[in-house]
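In what follows, a structure is listed as structure tokens, so that the remarks can point back to it.
No value in this document is a laboratory result; all are computed from the given coordinates. Please read all numbers here as calculations on a predicted model, not as lab measurements. Note that we place each Cβ from the backbone using ideal geometry, even for glycine, and neighbour counts take in every protein chain shown.
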Amino acid sequence: MAEAKCDNIQMKDDMYGQREWKSFIFKPAEPENYRDILEHMRTSFYRDEPLNYLTGYSEEKAKDMDTMIMEYFQDGLSHIVLEKETNQIAGARIIAIHKRENADTPRVMESAEMKKIWPFLHQLDEDSNIFKLYPDMDSYVELFMASVDRRFRGQGLATEMYESAIPFLKSRGFRLVKSCFTSPFTQRIGKNLGFRELSRRYFRDYRDESGEVVFTNADDKDEAVVGALEL
């Protein structure tokens, strides 16, 4: 599979969120970047994130996830991260806006993998019940995905994606940030940033409608935690 690149970097000022950090450039995701970001996600997040790893990769699952990300691109908050020297995509941060008026709208998944993952995540959201917990709030933002290419891991990039997202979103007037942390690494980041735990579920405890364990290859300690941070 070809390496994802972004060859024409158009520099923008800080009001659009572009900045440099170490050997990387953070810039807003724009339509000319979408295809490259999705290619990156297919080689990284769709395979390596814990729930995705447990369920395996398929093109059908990738299509389901591509559809979600393309929808969230329209919120205008997602970012692409480029390695300065090569312009290769080092990572991507997908951010979504959730509105009270759309809270009960179901999302239909087509792939076998997402039919396992999405109901589990939906149960976590129901446990969290953010709009009931914050009755005066009509919308909130979600740090939906943070993905780093394998070649650029171990440099603090994922941590920076989380840490930098908070002042970025606060500067745009958002009052509440939600995130679902599915690994010990991201759970530590959320705790360090002050996220309040709203719900927690162990992967092996999740069962389908027939009572069968869904994530049979999960370890006993594997879990997901939904947290919220007031800005």
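Per-residue answers, yes or no, for (1) within 23 Å of Ala158 (Cα to Cα); (2) out of contact with any Phe, Trp or Tyr (no Cβ under 8 Å at 6 or more places or on another chain); (3) β-branched (Val, Ile, Thr):
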position: Ser171; (1), (2), (3): yes, yes, no
position: Leu176; (1), (2), (3): yes, no, no
position: Pro184; (1), (2), (3): yes, yes, no
position: Gln187; (1), (2), (3): yes, no, no
position: Gly190; (1), (2), (3): yes, no, no
position: Gly194; (1), (2), (3): yes, yes, no
position: Arg204; (1), (2), (3): no, no, no
position: Glu209; (1), (2), (3): no, yes, no
position: Glu212; (1), (2), (3): no, yes, no
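In the stretch 166-191, of all residues being among the β-branched types (Val, Ile, Thr) and not in a helix (DSSP H, G or I), the one that is surrounded by the fewest Cβ atoms within 10 Å (Cβ to Cβ) corresponds to Val177.
Only residues that are among the acidic types (Asp, Glu), part of a helix (DSSP H, G or I) and within 22 Å of Val225 (Cβ to Cβ) were counted in the stretch 32-75, giving 1. Within the stretch 131-159, can you find the residues that are closer than 24 Å to Met65 by Cα and out of contact with any strand residue (DSSP E or B) (no Cβ under 6 Å at 6 or more places or on another chain)? Residues satisfying the conditions are Arg150, Arg151, Arg153, Thr159.
Within the stretch 98-128, being surrounded by 13 or more Cβ atoms within 10 Å (Cβ to Cβ) and among the polar types (S, T, N, Q) holds for Ser111, Gln123, Ser128.
I need the strands (runs of 3 or more DSSP E) fully contained in the stretch 76-165, keeping only those with at least 1 residues that are small (Gly, Ala, Ser) and touching a residue at least 60 places away in the same chain (Cβ under 8 Å). Show your work before the answer.
Values: elements: 79-83, 89-99, 139-148.
Here the list reads 89-99, 139-148.
Residues that are under 13 Å from Ala146 (Cβ atoms) and not acidic (Asp, Glu) do occur in the stretch 60-71, at least one of them.
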